[in-house]
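J.: One structure coming up, written as structure tokens, with questions to follow.
Derivation of every value follows stated rules applied to the coordinates shown; laboratory data play no part. Remember, predicted model here, so these are calculated numbers, not experimental data. Every residue, glycine among them, receives a Cβ derived from its backbone with ideal geometry; neighbour counts consider all protein chains shown.
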Amino acid sequence: MELHAVAIAALDESGRVVESNQGFLAAVSAARLTQPDMAKLGQTAVGADGRAYSGTIMFADSQGGECTLTGNIYRAGSGWLFAAEPGISAYRQLTGTIERLGRELEEAERTLTRRNQAVQKALATVEALKRQDAVTGLANRKSLDDRVSEEISRWERYHRPLGLMLMEMDDLRGVNETYGREVGDELLRHVATIITRSLRATDLAVRYGDQEFAVLLPETNEIGALIVAERLRMELESQIILPMVKPLTASFGVAMLVQGEGRQELFARAGRATAHSRKSGRNCVTMAGVIEECDQLYQSRHEGSDKNV
């Protein structure tokens, strides 16, 4: 029954297939013998080995489909036994089925490839969203933490300058209370646009807190970092977003990575410089020293007048 190389089938007196092996099922889809004629076959003398016919044998199904093989028919009790080694002609239908299945398999593989690509793209999008601030579209603190670690490792190898700038929006809570959270969020998005527009491709701008932003400045020395901060301060100061009637301002703190310093120490000094700017009247830039006594107020602007320290 499990043979595939030989097609074997038991037939009743009318030529109908009543039982068959795997080889027959693989080669023949029809269920009734049509050639030789069953009436003539019944009158044929049977040889000593029981064989009644040898030659071309045809099977047909109820829909008119036919399958031709070359084999033998033997008398088996009141019925007949068919046996053949299927040739090329017997496998025409099977070959067509295999080709069709092959085409379907190729199409399924292409579909699977497209779906896998779509899944990978979706996963990449999800991963990007995990690293993105929902309000501003900037990177979030997780992205900053990873990038700072990379840049500190690079600094330890090549000793190239690395700056960190923190900026805290002045009185954002008051904006939310006066004009509503939607205006506050729009303000944050506007600030994010200004920051992004002012930076290089190698810099990283991040939403660092509710009203705080951080900018990592690789390959930037102390003067360069101060220039970036002051340029942003002046750009913000020139902006007015309706329905607000006052310009945007922010307090800035800048720190440069020094020998033996880690991420925590670098951020602590930048935060300390930002607090110094806030205490000094806001809308100004402070450069962090190695110790608090060395922090230096770079520029402060009050009520439309300039004050340099």
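Table: residues versus (1) buried (at least 21 other Cβ atoms within 10 Å of the Cβ); (2) more than 32 Å from the chain's Cα centre (by Cα); (3) farther than 22 Å from residue 271 by Cα.
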| residue | (1), (2), (3) |
| --- | --- |
| 149 | no, no, no |
| 159 | no, yes, yes |
| 163 | yes, yes, no |
| 206 | yes, no, no |
| 215 | yes, no, no |
| 221 | no, yes, no |
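J.: Follow-up. Can you tell me how many residues within the stretch 1-24 are surrounded by fewer than 15 Cβ atoms within 10 Å (Cβ to Cβ) and outside any loop (DSSP other than H, G, I, E, B)?
T.: Residues meeting the conditions: 3.
J.: When you scan the stretch 25-55, how many residues do you find that are of a type outside the set (Gly, Ala, Ser), closer than 14 Å to residue 83 by Cβ and exposed (fewer than 15 other Cβ atoms within 10 Å of the Cβ)?
T.: 1
J.: Do you know which residues across the stretch 252-277 are over 38 Å from the mean Cα position of the chain (by Cα), surrounded by fewer than 18 Cβ atoms within 10 Å (Cβ to Cβ) and assigned to a helix (DSSP H, G or I)?
T.: Hit for the stretch 252-277 is 275, nothing else.
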